[in-house]
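Undergrad: Structure in structure tokens, see below.
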Amino acid sequence: MKGLLLKILAGLFLTSFFMVSLIQAETIKIPVASPFTGLLASFGEGVKNGALLKAEEINAGGGINGKLVEIVLGDELCDPKEAAAVATRFASDPKVVIVIGHLCSSATLAALPIYKEAGLPAITPWSTHPEIGKSSPYYFRNVYKDDFQGNFLANYAKKVCDFKKIAIFYEVNDYAMGLKEAFVRQAKKLGLRVIGAEAYMSETTDFKAQLSKFKMMRPDAIFIPGYAPQATLLISQARSLRMKCAFFGADGLDDEIMLKNPAADGLFVTTPFLVDRGGAIVKEFVERYRQKFSIEPNWFAANTYDAIGLAIAAITAAGLDREKVRAYLAGISSKEKAFQGITGAIYFDENGDCLKAAFVKVIKDGQWVSADEQLQ
């Protein structure tokens, strides 16, 4: 009996082993690198949700050539060292033929040489630093660049808001500094005065000394190129000092945390995705997202959803071959060949960059709403 029992257990073990192997063989891994914990975990929530929703829809339709899509999450904290470690893990997996990531530009720039060396294509739906596309033929993005976004914000501040004097608080990272530099260049061309710029680190929590200096200069508005966790503190402290200027920022401030701060009412930001600027396809996406996650999708979710769609289209057409996947993406090079996503038509230039529209939204009564005036 003991011998029979051992044979049965061995048989069950082998059956389980082969079933697990079969499941692994029948899935196609698509890694997604983003901060899923830490200060910017709220960004990562939208990223994860957008990826899982798209994969679920594809799998419900039979997957990719009969194989299911498996989303693999890599938590890189928006930290360059963590990003390099995550990138190394993905690049060394022969079953991985494309990566979606990374989120912060500093993380993307750290991961970029690793993917380049491994010949592994990647799509970032979120990193906007201008040098990313120029630095590797394996990197693509379905979001605008900081030079475009910085120019857009300067034009909006001057032509729509009629601001005359701007003060700047910027975080010391690749994203914020690139955005600040682009804004300052365009502001100078437009005759918009930048009366001062103050830097801060991601750990900064007290801005009152710098704000007191700016208060004496009476700016019309303060531009905050950075991320929402510090921006909400900065705005609250400015209001506590009775500063009456406006505040604005870029897509790094597009976060639910801002809605919880009454002092942030009136804040406006650029964003690559507005629900009321889309058609039926966007409304259907929003409804599916709401039903599954019981929250509104942000631009991180929408851009991730489209990036997963791009990756799936590439694998479907090119197979599980890194070089062929890269060539497929590079071939999406004109409006006629564009991938039609919920965020609009996506196609790439010679650097893997794409031209996407920017929109402006504002906080009113604790809700994001489309700004009344948009630049044409």
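Undergrad: Failed condition for SER212, given (1) in a strand (DSSP E or B); (2) of a type outside the set (Lys, Arg); (3) out of contact with any helix residue (DSSP H, G or I) (no Cβ under 9 Å at 6 or more places or on another chain), with all others met?
TA: The number of the failed condition is (1).
Undergrad: Let me ask something additional. Which pairs do you get when a residue that is touching a residue at least 12 places away in the same chain (Cβ under 8 Å) and on the phi < 0 side of the Ramachandran plot, found in segment 228-254, comes within reach of a residue that is crowded, with 19+ Cβ neighbours inside 10 Å and acidic (Asp, Glu), reach meaning Cβ atoms under 6 angstrom, with the pair 6+ apart or on two chains?
TA: Short answer, once both residue conditions are applied: ALA228/ASP255.
Undergrad: Right, next: Given the conditions (1) assigned to a helix (DSSP H, G or I); (2) surrounded by fewer than 19 Cβ atoms within 10 Å (Cβ to Cβ), which single one is not true for ALA157?
TA: (2)
Undergrad: Take segment 187-200 and flag every residue that is in contact with a helix residue (DSSP H, G or I) (Cβ under 7 Å, 6 or more places away or on another chain), outside any strand (DSSP E or B) and surrounded by fewer than 16 Cβ atoms within 10 Å (Cβ to Cβ).
TA: LEU190
Undergrad: Scan segment 332-347 residue by residue and report those that are over 26 Å from GLY66 (Cα atoms) and assigned to a helix (DSSP H, G or I).
TA: The answer is LYS335, GLU336.
Undergrad: Also, quick follow-up: Of the residues ALA231, ALA263, only one is under 23 Å from TYR144 (Cα atoms) and assigned to a helix (DSSP H, G or I); which?
TA: Numbers: ALA263 fails: under 23 Å from TYR144 (Cα atoms).
Being under 23 Å from TYR144 (Cα atoms) and assigned to a helix (DSSP H, G or I) holds for just one of ALA231, ALA263, which is ALA231.
Undergrad: Right, next: Give the residue that is nearest to ARG185 (Cα to Cα), with candidates limited to residues of segment 125-144 that are surrounded by fewer than 24 Cβ atoms within 10 Å (Cβ to Cβ) and charged (D, E, K, R).
TA: GLU131
Undergrad: Can you tell me which of (1) part of a loop (DSSP other than H, G, I, E, B); (2) acidic (Asp, Glu); (3) at pLDDT 95 or above is the one GLU203 doesn't meet?
TA: Going through the list (1) part of a loop (DSSP other than H, G, I, E, B); (2) acidic (Asp, Glu); (3) at pLDDT 95 or above, GLU203 breaks only (3).
Undergrad: Filter segment 348-370 down to the residues that are buried (at least 19 other Cβ atoms within 10 Å of the Cβ) and part of a loop (DSSP other than H, G, I, E, B) and list them by number.
TA: PHE348, GLY352, ASP353, CYS354, LYS356, ALA358
Undergrad: Of the residues that make up segment 120-129, is at least one over 25 Å from TRP299 (Cα atoms) and touching a helix residue (DSSP H, G or I) at 6+ places or on another chain (Cβ under 6 Å)? Don't jump to the end; show me each part of the working.
TA: Step one: list which residues in segment 120-129 are over 25 Å from TRP299 (Cα atoms), which gives 120.
Keeping just the survivors that are touching a helix residue (DSSP H, G or I) at 6+ places or on another chain (Cβ under 6 Å) gives 120.
Scanning segment 120-129, I find at least one residue that is over 25 Å from TRP299 (Cα atoms) and touching a helix residue (DSSP H, G or I) at 6+ places or on another chain (Cβ under 6 Å), so the answer is yes.
The values are calculated or read from the model by the stated rules, or taken from the named source; none is laboratory data. Since we're looking at a predicted model, the values are computed, not measured. In this analysis, Cβ positions are derived from the backbone assuming ideal geometry, glycine residues included, and neighbour counts consider all displayed protein chains.
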